[in-house]
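Report on the structure given below.
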Amino acid sequence: MVDDYEPWRRFVSTTLQKQPKLQVIGEALDGLEAVQKAQQLQPDLILLDIGLPTLNGIEAARRIREVSPKSKILFLSENRTWDIAEEALRTGAGGYVVKSDAAGELLPAVEAVLKGKRFVSASLAGNDLTDHKDEHTANHSRSEVVPPLQPQNVWITRRHEAGFYSDERSFLDDLTQFIGVALKAGNGAIVVATESHRDSLLPRLQALGLDVGAAIEQGRYIALDAADALPTFMLNGMPDPVRFLKLLGNLIATAAKAVKREHTRIAIFGEMCHLLWAQGNAEAAIQVEKLGNELSKIYDIDILCGYSLGSVQGGMDTHILQRIRAEHSAVYSR
């Protein structure tokens, strides 16, 4: 199993344990380690992500075919871009499962690939990926899937920033600037914030000369309540990676479709981590931040996380603050 995100590896391991005949004999966190362990262990099957450090999954698959030719490869990636999926299959991989669909598709995919058959996620089944025989797809019905933004490779700078604010004015100034720049550039924007902040943002965007009503109608501007969004992916007090990636992936795909141009970036502002921290669940907040980093490997996005330090008595513990800061490419204090 090759993936640099530990909660995802844990989910996959738990899922595979449902089949007694399946045994995880090794894990790797990056592409180079995957090649080394494949050569050492010679496994029957390798579950491989695409957005890996040091060496992307597609190049790793090519090298694995050389050092462990009998190992079958199944890609597990949130990337729904047709060109990327096709390139992945051209390495000789036996299948491609979209992570958001893994809850229902992982075990059937593993079974098919081990039998020498091709498996492609239902999300991609309607596209002419490659001319393969014996191709299996999930048989459940699917809604229309929109190709996401151009996927980021490991060498592209990821913008996942955090702002820590002592007052509402600074908070709203940065939020307005962040979303306003995206909309003015013709890009999409997603705001997952409290009701008061969403309500305060609208007139500020309109004051910039933006037709927010039109952007909402087009689907370029999507606003959700942060408190309502949390229960959709939280499970036993912690974020469920599959549910989180599916929720945000669908929102990004919707905004990308509305933009209607080949290359674009989507701006995402979030307050969900702040709410988790304010509720006393700092560990969950940190895990959501890690999922934000995972999301930035998949989509061409800019993320700004807002923390209202002045709204919580006692402020933020220094250790927690350091851990949250470590998950971001840049941090601002206002």
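Values for this structure:
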{"quantity": "Computed [θ] at 222 nm, deg cm²/dmol, the chain (DSSP H ≥ 4; -39,500 (n - 2.57); rounded to nearest 500)", "calculated": "-13500 deg cm²/dmol"}
{"quantity": "About the Cα centre, charge dipole magnitude for the chain (Lys/Arg +1, Asp/Glu -1 at Cβ), debye", "calculated": "700"}
{"quantity": "Built amide H within the under 5 Å cut-off of A223, gap 5+", "calculated": "V191"}
{"quantity": "For the range 193-243 and the range 15-51, distance of Cα centres in Å", "calculated": "38"}
{"quantity": "Percent breakdown of C-alpha pair distances by 5 Å bin, ordered from the shortest bin, for the range 159-333", "calculated": "1, 8, 19, 22, 22, 16, 8, 3, 1, 0"}
{"quantity": "Among beta bridges that DSSP assigns inside the chain, antiparallel share in %, nearest 5", "calculated": "5"}
{"quantity": "For the range 265-334, radius of gyration divided by Kirkwood radius, i.e. Rg to Rh on alpha-carbons", "calculated": "0.96"}
{"quantity": "For the range 6-137, size of Cβ-based charge dipole, Lys and Arg +1, Asp and Glu -1, in debye", "calculated": "480"}
{"quantity": "At R0 = 25 Å, FRET efficiency that the Cβ-Cβ distance of I216 and K184 yields, to 0.05", "calculated": "0.95"}
{"quantity": "Farthest positive-ward along the chain dipole, Cα basis, beta-carbon charges - from F171, H160, L205", "calculated": "H160"}
{"quantity": "Flagged links, alpha-carbon separation over 20 Å, of K117/K246; K21/K115; K70/K99; K260/K297", "calculated": "K117/K246; K70/K99; K260/K297"}
{"quantity": "Whole-number D in µm²/s for the chain (Stokes-Einstein; Kirkwood sum over Cα pairs; 10 °C, 1.306 mPa s)", "calculated": "76"}
{"quantity": "About the Cα centre, charge dipole magnitude for the range 280-334 (Lys/Arg +1, Asp/Glu -1 at Cβ), debye", "calculated": "140"}
{"quantity": "Most positive-pole-ward Cα, I298, A285, V312, against dipole of the range 270-334 from beta carbon charges", "calculated": "V312"}
{"quantity": "Residue-wise HN-Hα coupling along the range 111-120, computed from phi with Karplus coefficients 6.51, -1.76, 1.60 (Hz; x: Gly, Pro)", "calculated": "4, 5, 5, 5, 8, x, 9, 8, 10, 10"}
{"quantity": "Sites matching GluC sites (Glu not before Pro) across the range 185-278 that sit in DSSP coil, with at most 13 neighbouring C-beta atoms within 10 Å", "calculated": "E262"}
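A short reminder: the numbers here are calculations on the coordinates, not readings from a lab. Given the structure is predicted, the values throughout are model-derived calculations rather than measurements. Positions of Cβ are generated from backbone atoms using ideal geometry, with glycine treated the same way; all protein chains shown enter the neighbour counts.
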